[in-house]
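All of the numbers you see were taken from the coordinates with simple rules; none came from a lab. From a predicted model like this one, the values you see are computed outputs, not experimental measurements. Please note: Cβ atoms are built from the backbone with ideal geometry, for glycine as well, and neighbour counts cover all protein chains shown.
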Amino acid sequence: MQLSRALVLLAGCAVPAAGISRGDSFRKKAREMMNLTEPQLDDLMARPSHYDEHGMHQLELKDGTICIADSLKHDLKIIYPSAILQRTLGGSGTAPGLFRYPRGLAEGIVNRTRIEVDGSPSTYSVPVLYVADYGNSRVQMLRLSDGEPMTIYGSGSELSNPEGLYMHEDRLYVVDRGNHRIVVLNHELHYLFHFGEYGLRNGQFDNPAHVSVYNDLIWVSDRDAAVRIQNFHLNGTWFETLRSTGGGPDD
C-alpha cells in the first residue's frame, strides 16, 4: 500500500501537505482526506511511511534512485526504480563507512574548496548521504558517489541509538532515541542544540522514532507513548500534541 505524503502518520511522521490545519482533530481530517474507514486508518498508521514492508528505512534520492538501509546486512543498497541493484555501500563494522544496524537516511549537499592550477581557490558541491548508524550510536556523512566517509558525529556519549533523520534548510534533525530527545546538527554535522527528555508530558518523549519538518514546525512521533506526535517550533519549544489512542499525562 502506497502511503500518501499528504498526512502526518502517527507512527511514521510523514509530514502533511496543504489542506491540513493545525487545530482540527487529527483522525477526522486524516480519514476525510484519504476517504478511509477507522480500521483502514489504524492499519495505515501502524506502518511507518519511510519503511518498506520488511521494516528497512528507505529514501528516494534526487536522481530517482532509492537508498535502502539494510539493517540485516549492515549496508546500504542503491537501487533503480525498476528494483535493479546499482551498488552497495558499507558493510558490518565500527570503522568509518561501516555500520551496525543502519536506520534513518537523509540526502544533502556540502561545499568544498579546491585550488586550481593557477593557484586560485574554487568552490564545488558534493552530494552527500547522512546515515543514522544505530548500533554504533553515531551519524555518518558519506560521499554519495562512492560511499567515502566524510564526517562522523557521535564518538562518545553524544548519541544513543539514533534512528530517524530529516534534513531541512541545512539542518539535520536526528532522533536520539536512546536519550529520548532530538539533536539538531548543521549540514556539516556540527552540533547546534537539542530538545526533549524522557517522559509522557508535553515536550517529552518515550523512545522517539521519526522526525519531519513542515510549515515551520518540527513533527516528532514516539514509538512507545501510546502512539502520538508532537509539534515543536524550530527552536525546539513545544507547540502541540496529537494522539491516536490512549495517552499519558499532559501539562
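Tabulated data
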read-out: Label-point gap, in nm, between residue 112 and residue 206 - each point 7 angstrom along Cα→Cβ; value: 4.5 nm
read-out: Relative contact order computed over the range 136-238 (Cα-Cα under 8 Å; 6+ residues apart), in percent; value: 17 percent
read-out: Sequence-separation-based contact order of the range 178-244, relative, with Cα cut under 8 Å and 6+ spacing, percent; value: 22 percent
read-out: Label-point gap, in nm, between residue 237 and residue 188 - each point 7 angstrom along Cα→Cβ; value: 2.9 nm
read-out: Additional length obtainable on full extension of the chain from residue 62 to residue 124, 0.36 nm per residue less Cα span; value: 20.5 nm
